[in-house]
1. How big is D for the chain, in µm² s⁻¹ as a whole number, if Stokes-Einstein is applied with the Kirkwood radius of its Cα pairs at 25 °C and 0.890 mPa s?
2. Checking the cross-link filter: which lysines have an alpha carbon closer than 18 Å to that of Lys5, excluding same-chain neighbours under 8 positions apart?
3. How about Lys3: which aspartates and glutamates have a C-alpha closer than 16 Å to its C-alpha, ignoring those fewer than 8 places off in the same chain?
4. Would you tally the net charge around Arg21, using a Cβ to Cβ cut-off of less than 13 Å, leaving Arg21 out, and scoring K and R as +1, D and E as -1?
5. For the pair Thr67/Glu29, report the inter-label distance in nm, with labels modelled 7 Å from Cα in the Cβ direction.
6. Which FRET efficiency, nearest 0.05, do Arg11 and Ala55 yield, Cβ-Cβ r, R0 22 Å?
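Laboratory data are not the source of any read-out in this text; all were calculated from the coordinates shown. Since we're looking at a predicted model, the values are computed, not measured. So basically every Cβ, Gly included, is an ideal-geometry build from the backbone, and we count neighbours across all protein chains shown.
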Amino acid sequence: MNKPKINPVDRHVGMRLRIIRNSQNKTLEEIAAQLKMTPKTLNDLESGKKRVSPAEMEMIVEIFSTTASFFFIGIGNHLDKPRN
């Protein structure tokens, strides 16, 4: 069985989520509890296996006292390419 392909944007946002969580010395369990989700679900967000919803992003921004744009820093120009 083939693994589903992870979207590069989801992977990047998840990586930035893990970076900010680790930089603030927060555990997966702590943040998952604040987001009212399981640590497994948060891990899936951080690995890009699950897409961060707008409602989740709103809570994440509040928890970490940052902006949504933080999660897109360094994403590259591939977002500007037309999709077929």
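1. Details: Rh = 13.4 Å.
Result for D is 183 µm²/s.
2. Lys49, Lys50
3. Lys3 reaches Asp44.
4. Taking every Cβ under 13 Å from that of Arg21, the sum is 0.
5. 3.5 nm
6. FRET efficiency, Arg11 to Ala55: 0.60.
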